[in-house]
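Read through the structure below, which is laid out as structure tokens, and then see the notes.
Quick note: the coordinates plus some simple rules give every number you see, no bench work behind them. Keep in mind the model is a prediction, meaning the values are calculated, not measured. As a convention, Cβ positions derive from the backbone with ideal geometry for all residues, glycine included, and neighbour counts pool all protein chains shown.
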Number of protein chains: 2
Amino acid sequence: VSEHVLKSFEEELVRLKGRVRDMGELTGVQLEAAIRCTEGPNFELAATVIQREPEANRMMHEIDSLVIRVLALRQPWAIDLREVLSALRIAIELERICDHAEDLAQRVITLCNARVEPAHSLVNLGRFAMKMVNDAMHAYTKMDDSEAQQVWTSDTELDAMYTALFRELLTYMLEDPRQISANAQMLFMARAIERIGDRATNIAETVRYLVGGTPVEEERPKADATKSLMLSTASSQ
Amino acid sequence: VSEHVLKSFEEELVRLKGRVRDMGELTGVQLEAAIRCTEGPNFELAATVIQREPEANRMMHEIDSLVIRVLALRQPWAIDLREVLSALRIAIELERICDHAEDLAQRVITLCNARVEPAHSLVNLGRFAMKMVNDAMHAYTKMDDSEAQQVWTSDTELDAMYTALFRELLTYMLEDPRQISANAQMLFMARAIERIGDRATNIAETVRYLVGGTPVEEERPKADATKSLMLSTASSQ
């Protein structure tokens, strides 16, 4: 293998990682806007998030093509192969986070149209998940295993916040049946944010694999308690 | 390249596709059980779905390792590389479908505990999505572009069914506030099934790419109308 080929493989790897970081930045911007338009609530800002969504898809396709080209032409192995596949995995998670951001924005518009103010806890949950995503991408840039580990463990806290919010939204439904539709939308917004946290955790897992060289074997903290959540309503009826 | 190396690459590709089909079969079994335990509702069957979920994760890891080995040792390109990457993509979708099946089973148990009969429309929706998954995997086995195309277009129908069910569940909440928690669980079950349809559509898209050689460029029919669904409740109060 000539020096030239080696050098250009290095360059392509750097370029690939750079594109994934760019996509991480776009994801951060979309997520920040999606949370901020919930806080307002801000119709125009929500529309911007929806308008920019195709950018994430374009970036994903570009990364996909880069990966296929690197695999086909450079035939990497060992650590290099791990770098390439990790870039692809992270890009897939980022694309899904952008999808969730769009989902949030679409439901904010629905709430705006109905003149409903979103629950404040939704914003707190959103900010927490956003920090997880940013930290996971920071860990990727710095190849920082301990920061990745921290994101990984903080998912439990997000799940606890999500469960509390789920319960809160159900009580609003009980208290005022006219708010059932709006709170159903908010239930799905809360769930989208919880999923964003899961995706940040997946990114953190990929970083830990990239730094450590072996897949993370620990059982993932799984705590979506909302699946078994039923309010006891007998006494309130 | 010796005859021997070529032959064993062919064998590995056949083995990889075989493992993906095995995973497709497990997914079919899990999904069938998840829908059937909703119909019953059947606590024991739901528990079986949850118990078998780690099998899907194990199969996913196995396929992941196979893909990495084939990429590293065989360095495939062109159609072979496409085959390998498609196998990985389909496996990722199947794993997520199994996750959704588990999610359905967990919520069925919650409903069983609360002695609530799940809405019948949920079963119809589930059967429709299950057929999409089975057809998509059949298209993969047969490399059948037109069957894949059919799955791809039927997603619109599933979305329409999902929207109708979403509306139905909101009206149950309005009619009987004691049923709010149970119907919130069913809203998430309906959404999980709608997501299963999306994943079947992704598999169909991968098959079309595999057969046709170029990514599907058509704009995907996107019709989750529930995001803007608000019941007009003013008159009913």
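Structure values in brief
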| item | result |
| --- | --- |
| Lys, Arg +1 and Asp, Glu -1 on Cβ, resulting dipole of segment A:134-237 about Cα centre, debye, nearest 20 | 400 |
| Neighbourhood charge, 15 Å Cβ-Cβ cut-off, centred on B:GLN75 and excluding it, Lys, Arg +1 and Asp, Glu -1 | 0 |
| Area projected by the alpha carbon convex hull of chain A, averaged over all directions, nm² | 14.0 |
| Size of charge dipole - the protein assembly as shown - debye, nearest 20, with Cβ of Lys, Arg +1 and Asp, Glu -1, no other charges | 260 |
| A:GLN51 versus B:THR153: modelled label distance in nm, points set 7 Å from Cα along the beta carbon direction | 3.4 |
| Cα pair distances in segment A:42-158, grouped into 10 Å bins until the bin that holds the longest one, percent each | 12, 32, 32, 18, 6, 1 |
| Estimated distance in nm for a label pair at B:GLU217 and A:GLU11, the labels positioned 7 Å out from Cα along Cα-to-Cβ | 2.9 |
| Helix-only [θ]222 nm of chain B, DSSP H runs n ≥ 4, -39500 (n - 2.57) each, per residue, nearest 500 | -29500 deg cm²/dmol |
| Under 13 Å, Cβ to Cβ, from A:ALA204 - net charge with Lys/Arg +1 and Asp/Glu -1 | -3 |
| Using a 7 Å Cα-to-Cβ projection, B:ASP145 label spacings across copies, nm, ascending | 4.8 |
| Dipole magnitude of chain B, debye to nearest 20 (Cβ charges: Lys/Arg +1, Asp/Glu -1, about Cα centre) | 320 |
| Positive minus negative residues near A:TYR140 (Lys, Arg vs Asp, Glu; Cβ under 14 Å) | -1 |
| Values of log10 I(q)/I(0), in the order q = 0.06, 0.10, 0.11 Å⁻¹, for the protein assembly as shown under a Debye, Cα-only, solvent-free model | -0.27, -0.76, -0.93 |
| For peptides B:194-201, B:211-218, sequence by mean Cβ density within 10 Å, most packed first | B:194-201, B:211-218 |
| Mean separation of Cα contacts under 8 Å (6+ apart) over length of chain A, as relative contact order % | 24 |
| Chain B, closest residue to the rotation axis toward A, by beta-carbon, whole angstrom | B:GLN75, 2 |
| Cβ-based charge dipole, segment B:136-237, positive-most Cα from B:THR171, B:SER154, B:GLY212 | B:THR171 |
| Rg [Å, one decimal], Dmax [Å, integer] - segment B:125-184, C-alpha atoms | 16.2, 50 |
| Which listed pairs, of A:LYS227/B:LYS227; B:LYS17/B:LYS131; A:LYS17/B:LYS17; A:LYS227/B:LYS131, have C-alpha distances above 23 Å, in listed order | A:LYS17/B:LYS17; A:LYS227/B:LYS131 |
| Label point 7 Å beyond Cα along the C-beta direction, distances from B:ILE79 to other copies (nm, shortest first) | 3.8 |
| Across the identical copies, how the A:GLY40 labels are spaced - nm, sorted shortest first, 7 Å along Cα→Cβ | 4.9 |
